[in-house]
Amino acid sequence: MKVWEAFPVITKTININSLDKIETFVDIINKFNGRLVSGCSIVNAKSIMAIFSLDISRPVYLYIYNEESAEHVTKALAEFEVNALQIQEQLLA
């Protein structure tokens, strides 16, 4: 990990709990540089195989490191973003 990757510019909580969502997510994120975090696992957000190693039944965190692409990522991935209330509902289910 490079020094500039130690501090993400933007962090989003996203839900990619199905194969269709994962395929769409990877198609979008391939234009950007990011990492997915679930528990203590950190994987390349562009890698479908890496994503399948995560617990996708729960929301995961997306870290974006490029300030120039942060706004574009936020708009492009709005359909995957979850808020605190949605997370709480999933944890209680």
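Every number in this text was worked out from the coordinates using simple rules, so none of it is lab data. The model shown is predicted, which means the values in this text are computed figures rather than measured ones. Note that we place each Cβ from the backbone using ideal geometry, even for glycine, and neighbour counts take in every protein chain shown.
Among residues other than Thr74 with Cβ under 14 Å from its Cβ, the summed charge is -2 (Lys and Arg +1, Asp and Glu -1). Here the simple spin-label model places points 7 Å from the Cα toward Cβ, and for His72 and Lys31 these points are separated by 0.6 nm.
A cut-off of 5 Å between modelled amide H atoms, ignoring neighbours fewer than 5 places along the same chain, links Asn66 with Val9, Asn33. Figure legend: label point modelled 7 angstrom from the Cα of Ser57 along Cα→Cβ; residues of segment 14-46 with amide N under 19 Å from it are 14-22, 37-41.
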